1. Sum up the charges of everything whose Cβ sits under 12 Å from the Cβ of ARG119, counting Lys and Arg as +1 and Asp and Glu as -1, but leave ARG119 out.
2. Provide the net charge surrounding LEU135, with neighbours chosen by a C-beta distance below 14 Å and charges set as Lys +1, Arg +1, Asp -1, Glu -1.
3. Can you give the longest stretch of the chain with no exposed loop site, where a site means GluC sites (Glu not before Pro) in a DSSP loop (not H, G, I, E or B) with at most 14 other C-beta atoms within 10 Å?
4. Return the calculated 222 nm mean residue ellipticity for the chain, to the nearest 500 deg cm²/dmol, obtained by summing -39500 (n - 2.57) across DSSP H runs with n ≥ 4 and dividing by the residue count.
5. Quick check: net charge around GLU403, other residues with Cβ under 15 Å of its Cβ, Lys/Arg +1 and Asp/Glu -1?
6. Taking trypsin sites (Lys or Arg not before Pro) that fall in a DSSP loop and have at most 12 other Cβ atoms within 10 Å as cut points, what is the longest piece of the chain between them?
7. Counting only protein heavy atoms and using a 1.4 Å probe, what share of the accessible area of the chain belongs to carbon plus sulfur, as a whole percent?
8. Ignoring ligands, DNA and RNA, what accessible area per residue does the chain give at 1.4 Å, in Å²?
Amino acid sequence: MRVLVIGSGGREHALAHVLAGSSTVEAVICAPGNPGMATLGDCVAVAAADPGAVASLADKVSADLVVVGPEVPLVAGVVDAVEARGRLAFGPRAAAARLEGSKAWMKNVLSIAGVPTARYGTFTTGGQEAALRFLDTLSDLFVVKTDGLAAGKGDVVTTDRSEAREAVRAYLSGEAFGAAGRTIVIEEGLSGPELSLLVLCDGERAEPLAPAQDFKRIGEGDAGPNTGGMGAYSPVPAVGPDVVGAVMDGAVAPTLEALGRLGAPYRGVLYAGLMLTPSGPKILEYNVRFGDPECQVVVPRLASDLAAHLAEAAAGRLETPLRWRDEAAVTVVLASEGYPASPRTGDVISGLGAAAGVEGVMVFHAGTAADGRPGEVRTAGGRVLNVTALGATLAEARSRAYEAAGRISWPGLQFRRDIAAAAAAAGPVGGAA
């Protein structure tokens, strides 16, 4: 099988890395890829959000399977275009990808499906006063979200009513996120631990992957602004089959059924972002692709063939049973100075080889660029590297990840030092999925 992976971040590097290790995969081609992905196979320049360009590239490289990583190409209809050429594509078509492309539409689907979620209101430009009145009906914790895509940075979660009111003004005026914020969703805040559950879907059936937990805030102790994610771990000691079953029965199954009735059957991976509240799991959001950085700790734990799972989901026939390694995984995101507001770029990265030499460690490139000098890689984004480690326990995986992270340097490098600390202290998890 020849697999074309669309994207250039840490999620796509992790997917390409695991796919390249499959006995059923002849070649992995990445587009546009990154310096880390270039060590696995050819990287080809492409406008990833251009459906026609991706479909033409799939023909050119004779791809048997196209795996679309980021949300923007999915919302743009890349899967539709590839399938129109008679090729398999992993990911939802544009009609179903709207689940992430519009948070307001997603909340409407949840309502139709009867899925537990936070109380909310939707507001557009011109409705600022109504939005502020709704905000005043909430207390304690306020959530303001852009309706459109904002690269994981369009959510304000705060206990400060003044901050929430300013977010409403900045979003609806277009000042903060342009067109993506001119429609907003305001939600009541929920309490409880968060959980990420990735689910493989083939249009009719759904199979949950191992649960993961990520860390959105920039600072230790969950301080500071939201980011795209500063680290993650899997499995989650506090989450057993009963919780996963409750999410599948109470949220995922009715959502997929509702999407089918709306003429948007879902194939690909569905990311369920959850809050485990005292009254049970509630959906915070759905994403239509592998979470980042959750993907970096989930797919390396697979003992079964990722290529087979993705191809079967794309073809509408999930059959191969999922199997998991007897190892835990932890990933630590290394970010540039100034991230998330104004990341500094262009710094030379040192220590990549030394980090990769730590047992059980994989270094996934998220925001890097080669500058033409042999072996030299520079920072090219906010989240630069995902240092991922496997270990017999979360504590061992965490120790390895931080040992490797400590071997990497560039000016202004920052990372959280508390990723998976509480979970690792909870004790061994063995091979729990």
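1. Details: positive: LYS107, LYS282; negative: GLU187, GLU188.
Once positives and negatives cancel, what remains is 0.
2. Working: positive: ARG119, ARG133, LYS145, ARG161, ARG165, ARG169; negative: GLU129, ASP136, ASP140, ASP160, GLU163, GLU166, GLU187, GLU188.
Net of charged neighbours comes to -2.
3. Numbers: sites that count: GLU26, GLU175, GLU204, GLU319, GLU359, GLU376.
Formally, the longest exposed-site-free interval is 27-174.
4. -8000 deg cm²/dmol
5. Numbers: positive: ARG398, ARG400, ARG407, ARG417; negative: GLU359, GLU396.
Neighbourhood net charge equals +2.
6. Numbers: sites that count: ARG119, ARG323, ARG417.
With trypsin sites (Lys or Arg not before Pro) excluded where exposed in loops, the chain gives 120-322 as its longest stretch.
7. It is 50 percent, rounded to a whole number.
8. Values: 15950 Å² over 433 residues.
Per-residue value: 37 Å².
The values are calculated or read from the model by the stated rules, or taken from the named source; none is laboratory data. Since we're looking at a predicted model, the values are computed, not measured. Methodologically, a virtual Cβ is constructed for each residue, glycine included, from the backbone with ideal geometry; neighbour enumeration extends over all protein chains shown. The area values use the complete protein model at the heavy-atom level, side chains included, leaving out ligands, DNA and RNA. Shrake-Rupley method; radii C 1.70, N 1.55, O 1.52, S 1.80 Å.
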